[in-house]
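Presented below is the structure to which this report refers.
Values in this text are rule-based calculations from the coordinates and carry no lab data. Please read all numbers here as calculations on a predicted model, not as lab measurements. Every residue, glycine as well, gets a Cβ built from its backbone with ideal geometry; the counts of neighbours run over all protein chains shown.
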Amino acid sequence: MSSEVAAEFPGLRADWIDCACVDHRCDRGVGERLALLASRLNGRQALELRQQHVPAAYRSFLRQVGIDPDQQPTPIEQAVLGRLLSGGNLPQDRISDGLLLALLETSVPVVAFDAALTSPPIEIRGAADNELVAGVGVEQGTLILTDSRQPLCQLFASPQPPLAAGAKSDRLLLVAIIVPDVSAIVGDEALTIAAAAISGG
């Protein structure tokens, strides 16, 4: 973590794990777990979600960085809203399903990069003046994920090709974004769930 970000947001961190993905087809067991989670969720539970400790911490962090979480929901709220609108957690592919499972189980967002194109350590820092992130200019100070060589994506944004893990990626770098007041243990759990679901472990 850059010293400036660590000073302004104590406890903000990015943790990561490497995992294999030898089969990109949807995993039946993961699909069943997603379906079970969807069946337990209704509109009232979705509204109560933001009162739970981890989702509330992500809402608080968004406010700290000047984002209204009612206008730009947290990752877990976006996922739950998507489930309510679609009528279920529809299978997509092994990587997407694994990331969604980790998010729904822990409320911690995990993103996936192609490990061959990334070089840990991963940190969070403010964007430099005129810096390009995923080919797009961002405002100076915008929080971004970086590795030892390059900016990867904006914080909470989906990685973009070619850095994003895709159908041809056989090794993945999974990154959990952990905000202040969320235990690192919860972040480790999110990474473990995602890696097991993706690798078939």
Cut-off 9 Å between beta-carbons: net charge of the residues surrounding residue 173, Lys and Arg +1, Asp and Glu -1:
-2
Can you tell me how much longer the chain between residue 39 and residue 8 gets when fully stretched, taken as 0.36 nm per residue apart minus their C-alpha distance, in nm with one decimal?
7.2 nm
The answer for the net charge of residues other than residue 18 whose Cβ lies under 13 angstrom from its Cβ, with Lys and Arg +1 and Asp and Glu -1, is -3
Using θ = phi - 60° and the Karplus curve 6.51 cos²θ - 1.76 cosθ + 1.60, what whole-Hz ³J(HN,Hα) does each residue of region 182-193 get, with Gly and Pro shown as x?
10, 5, 4, 4, 5, x, 4, 4, 4, 5, 5, 4
Can you tell me what share of the DSSP beta bridges in region 3-199 is antiparallel? A percent to the nearest 5 is fine.
100
Distance (nanometres) between label positions extended 7 Å along Cα→Cβ at residue 119 and residue 90
4.0
Stretchable slack from residue 52 to residue 129, in nm (0.36 nm times residue separation minus alpha-carbon distance)
24.0 nm
Under a Gaussian network model of the chain whose springs join Cα atoms within less than 10 Å, the largest fluctuation of 166, 135, 31 belongs to 135
How many angstrom separate the Cα center of region 1-69 from the Cα center of region 130-189?
14
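So how strong a dipole does the chain carry about its Cα centre when Lys and Arg Cβ are +1 and Asp and Glu Cβ are -1, to the nearest 20 debye? Kindly include the intermediate steps, with their values, before the conclusion.
Values: 15 positive and 24 negative charges, 111 e Å.
That gives a dipole near 540 debye.
Which trypsin sites (Lys or Arg not before Pro) does region 103-201 hold that lie in a coil by DSSP with at most 15 other beta carbons within 10 Å?
Numbers: sites: 125, 149, 168, 171; in loops: 149, 168.
Passing sites in region 103-201 are 149, 168.
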